[in-house]
Amino acid sequence: MAIVASLPTPGLNLFSSLPLGKDPTASSSPSPPPPPPIPIPKYPPPLKKSKNSANPAFKIPHLRTKYYKPVKDGGGVIASDGDRSVLVGDSGVSYLLPGAPFEFQFSYSETPKVKPLAIREPAFLPFAPPTMPRPWTGKPPLKTSKKKIPVFDSFNPPPAGKKGVKYVEMPGPYPFGKFPEEGKSREEILGEPLKTWEIKMLIKPHLSDNRQVNLGRDGLTHNMLELVHSHWKRRRVCKVRCKGVPTVDMDNVCRHLEEKTGGKIIHRVGGVVYLFRGRNYNYRTRPQYPVMLWKPAAPVYPKLIQEAPEGLTKAEADEFRKKGKNLLPICKLAKNGVYITLVRDVRTAFEGSPLVKVDCKGMEPSDYKKLGAKLKDLVPCVLLSFDDEQILMWRGQDWKSMYPEARPSISFPAELDIASGSDDSGKSDDDCDNSDAKIVSSSPKMMLLWKHALESNKAILLDEIDLGPDALLTKVEEFEGISQATEHSYPALVMSSEDGSSNSISTFEDDSHSEIFSEDDMYSDDEYYDSESFEELETSAPPGSLSIDLIAEKLDKK
């Protein structure tokens, strides 16, 4: 009670200075947090992109808008800026510049052979403006270097051992007594055709080298032309490696490479092509093309898959698509692979089935659609669907087999006097008429090959076609004994002993001298070298059977 009596006057609040709602025991000023061990970096605020760009090319309207402008039936020029114009024709969208040797395109080898229906973006040229004082790269000009870098072309290579320059191959090769000449046309720049040893010499350092031009799904693009010339600046051969969709038709790629670059393909293995620049090539006088600064939008083409394709009704097409669901694919295509044998495989598969399916799982949709468009023209065939990442094709009504329907029977006239043949003089007229109906006309070269095989006992002509298994096996065993005896026998060498100074060698007459055709006729020269090795084959003649061996033996005896 004494404590209560000592308190101040009643009604006076002794805790009026404390804030309401807070614990009086808590501290009024909290301690600040400890600083981080690593200071937090201060980044500048992000730049705001301007909505209104000066050039309409950077707006990319084909990705953000539904731009669609139909193309007139006649095609022709759809936009022009003085002498520079944009064309639309059967080869797609092309660009015409003054003084250009041909119409420029984004891709020369992979443009569909169908006229486009519409364009997806406003027609403008993807090249730098002609008023620019220097090539437009989108960046400010570099500062001038104080170092003077020597520039060499193919006719003036740097001297051996000079420092500060890159390796440059010598021009040529030139035949003995020939020198480089300034050429303007393609024939003058290429010069004389290369010989086999020259091709070996040029290709050998590139076989295991990874310095190459990669050609992908877009095919031969416009900017690759300048890239090939940059390779030719220091090397005489440019190695081009092709992968993906363009490898279905390698002949088309090689043709465009030679036409647009002016070079010559000297070797080709699979998807790898070796492009020779020419004997009289000069980098300074090369054709200089403007560089495309962006990829133009692809135009709109007709649909590849139709509900009722050519020669089929909608019900028949749906029935084929149902059957194709359970059909096994003939092959599985890998992404960015080499599809050189695809056309041949599809043609062979059509011999056994009217429907063929190719598995393209894992590939881009645009890739296997391009494959289907190429197969439609090359095989040819009718496309039915791209469902489940698989190409389903029908061989069409106008399909023709690669092999003749009737079995080819070879008939030789009586004056050939083939020992294994049969004489048809005793047959009746009806039998002759029946046999003539089954005869298939063959080329004279094939007839000569059959005749040579029969005379050399490498083939046999059966008197009867309808033989049983046992009778046919007996014929085969008899023929094996005859053919082996002929194959392992060699010509005899007879030496005359009348005079020591003159020796006569009598051998059997070679059949190759009596034949009309030669080795050059049998094997036609291909435009491109497909073999991977240039090594010559060794002769199969037995040792000691050549005339030079007899002369050497005679000299040894003396």
Residue satisfying all of: in region 256-305; under 15 Å from the mean Cα position of the chain (by Cα) and among the charged types (D, E, K, R); farthest from residue 199 (Cα to Cα) among these: 258
task: Can you work out which of the residues in region 273-303 that are among the β-branched types (Val, Ile, Thr) and open to solvent by 20 Å² or more (accessible area, probe 1.4 Å) is nearest to residue 210 (Cα to Cα)?
output: 291
message: So for region 304-314 (the condition being among the hydrophobic types (A, V, I, L, M, F, W, C) and under 30 Å from residue 131 (Cα atoms)), does at least one residue qualify?
response: no
task: Identify all residues within region 303-315 that are assigned to a loop (DSSP other than H, G, I, E, B) and of a type outside the set (S, T, N, Q); write none if there are none.
output: 303, 304, 305, 307, 308, 309, 310, 311, 312
message: Taking the conditions exactly as written (free of Cβ contacts under 8 Å to residues at least 60 places away in the same chain, of a type in the set (A, V, I, L, M, F, W, C), buried (at least 18 other Cβ atoms within 10 Å of the Cβ) and more than 23 Å from residue 290 (Cβ to Cβ)), does residue 237 satisfy them or not?
response: yes
- prompt: Which of the residues belonging to region 316-365 are assigned to a loop (DSSP other than H, G, I, E, B), polar (S, T, N, Q) and either open to solvent by 50 Å² or more (accessible area, probe 1.4 Å) or touching a helix residue (DSSP H, G or I) at 6+ places or on another chain (Cβ under 9 Å) (or both)?
  reply: 326, 336, 341
statement: The strands (runs of 3 or more DSSP E) lying wholly within region 72-157 that contain at least 2 residues that are farther than 26 Å from residue 259 by Cβ are 76-81
task: For residue 198, work out the one condition from (1) open to solvent by 100 Å² or more (accessible area, probe 1.4 Å); (2) charged (D, E, K, R); (3) assigned by the TED database to the domain that holds residue 268 it doesn't fulfil.
output: (1)
task: Need at least 2 residues that are of a type in the set (Lys, Arg) per element, so show me which helices (runs of 4 or more DSSP H) inside region 172-277 make the cut, counting only ones lying wholly within it.
output: 250-261
- request: Answer yes if at least one residue in region 140-155 is under 26 Å from the mean Cα position of the chain (by Cα) and under 19 Å from residue 288 (Cβ atoms), and no otherwise.
  value: no
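The values are calculated or read from the model by the stated rules, or taken from the named source; none is laboratory data. This structure is a prediction, so every number in the text was calculated from the model and none was measured. Neighbour counts are summed over all protein chains in view; Cβ atoms, including those assigned to glycine, are modelled from backbone coordinates with ideal geometry. For accessibility, only protein heavy atoms count, side chains too; no ligands or nucleic acids. Shrake-Rupley method; radii C 1.70, N 1.55, O 1.52, S 1.80 Å.
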